[in-house]
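K.L.:
Please see the structure below; I have some questions.
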Amino acid sequence: MTESKVYSNPLIEQRADPYIYKHEDGYYYFTGSVPEYDRIELRRSQTLEGLRDAKRVTVWRKPESGPMSANIWAPELHRIDGKWYIYFAAAHTAETNEGLFDHRMYALENESDNPLEGTWIEKGQVVTEWESFALDATSFEHRGKRYYVWAQKDPNITGNSNLYLSEMANGWTLKGPQIMISQPEYDWEKIGFLVNEGPAVIKHGGKIWITFSASATDHHYCMGLLVADEEADLLDAASWTKLPEPVFATCEEHGQYGPGHNSFTIGEDGEDLLVYHARSYKEIVGDPLYDPNRHARIKAFHWREDGLPDFGLPQPDTGTMVKG
């Protein structure tokens, strides 16, 4: 295992659903859900530590009404075919219907070299098979094809959300079939709500790994793991295997609760980093979604001899990231 640099923990306060992208221009780009759920911010720095105090640029703000006027959640920044894209979820109302929000997924596009500059164009809704609750989209390339992974409510399946995969025709359009690669089935995926959401993709050791988050967004929130062989047909549900136990969860000893909604990035020294949010307390007053203190954190992880990722335990708020 490469010796890991020590990073401050938490990295950025009050930014849930954290996403860090290291671009070929040498910059780290950060985005995440803001507590007000009303805008999308980007910041960049040539170091991970520098993201904390980097200038925050609001690149898009929700309108006063319409389908994108409430609860702007989980933005992600992607570079596709020489353009920048931001995927995010939005709803027409902050109200719920039978306990379920009414989000859909949307895309923004920017042709500038620097995504903090230029003009972000609304490309509209990313249309899927159903008009139903959908969120937490991510994208990855594999062997010349671009794929889209997201969480959605199938009207015919009990629960809040399952994970789906489809090939993309371009940065905002799906093509071909959408296949379900995971649905809540184990007890740890069904506490409070039946949820699979927040997918993140990393390739290693001839495998494609997808982490995801499960259960309610309180201290029960945790991460699961899917894997497929890189030679497999990714659009065949049978190619994907889910580990039966969570791979990253609450650690009372370290005072870390509900870790999840992760992304992956590469450290300045080349190590693999897990980017995630977690709270430093267990008891929450009111709806957990409106508690602002899910802080963005980073943690080095390594790969076991059997090929599996070892994420270890969420690190305590000691001011620095504990190695390992």
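K.L.:
If only one of P10, P63 is out of contact with any strand residue (DSSP E or B) (no Cβ under 9 Å at 6 or more places or on another chain), in a loop (DSSP other than H, G, I, E, B) and either free of Cβ contacts under 8 Å to residues at least 40 places away in the same chain or closer than 29 Å to Y257 by Cα (or both), which one is it?
P.N.:
P63
K.L.:
Could you check region 150-196 and list, in sequence order, the residues that are in a strand (DSSP E or B) and within 18 Å of I80 (Cβ to Cβ)?
P.N.:
W150, L165, S166, E167, M168, A169, N170, T173, L174, K175, G176 - these are the residues of region 150-196 that are in a strand (DSSP E or B) and within 18 Å of I80 (Cβ to Cβ).
K.L.:
Only one residue in E129, E98, E167, E109 is without any contact (Cβ under 8 Å) to a residue 24 or more places away in the chain and among the charged types (D, E, K, R), so which one is that?
P.N.:
Selected residue: E98, the only one of E129, E98, E167, E109 that is without any contact (Cβ under 8 Å) to a residue 24 or more places away in the chain and among the charged types (D, E, K, R).
K.L.:
Could I ask something else about it? For D81, indicate whether it is under 18 Å from A214 (Cα atoms), surrounded by fewer than 22 Cβ atoms within 10 Å (Cβ to Cβ) and among the acidic types (D, E).
P.N.:
no
K.L.:
Take G205 and tell me if it is at pLDDT 95 or above and either surrounded by fewer than 20 Cβ atoms within 10 Å (Cβ to Cβ) or out of contact with any Cys (no Cβ under 7 Å at 6 or more places or on another chain) (or both).
P.N.:
Spelling it out, G205 is indeed at pLDDT 95 or above and either surrounded by fewer than 20 Cβ atoms within 10 Å (Cβ to Cβ) or out of contact with any Cys (no Cβ under 7 Å at 6 or more places or on another chain) (or both).
K.L.:
Also, I was wondering about something else. Only one of these is acidic (D, E) and modelled with pLDDT under 95: E36, E49, E24, E41. Name it.
P.N.:
E49
K.L.:
Condition first: closer than 28 Å to Y281 by Cα, outside any helix (DSSP H, G or I) and touching a helix residue (DSSP H, G or I) at 6+ places or on another chain (Cβ under 9 Å). Can you find one or more residues in region 40-58 that meet it?
P.N.:
yes
K.L.:
Let me ask something else. Out of the residues in region 197-208 that are more than 13 Å from the chain's Cα centre (by Cα) and not in a loop (DSSP other than H, G, I, E, B), state the one that is farthest from Y281 (Cα to Cα).
P.N.:
Going through the qualifying residues, I end up with K207.
K.L.:
A further question on this structure: Could you list all residues from region 246-293 that are of a type in the set (A, V, I, L, M), surrounded by fewer than 19 Cβ atoms within 10 Å (Cβ to Cβ) and either in contact with a Cys (Cβ under 7 Å, 6 or more places away or on another chain) or farther than 25 Å from V149 by Cβ (or both)?
P.N.:
I284, V285
The values are calculated or read from the model by the stated rules, or taken from the named source; none is laboratory data. The structure presented is a predicted model; accordingly, all values stated were derived computationally and were not measured. All Cβ positions, even for glycine, are placed from backbone atoms using ideal geometry, and neighbour counts span all protein chains on display.
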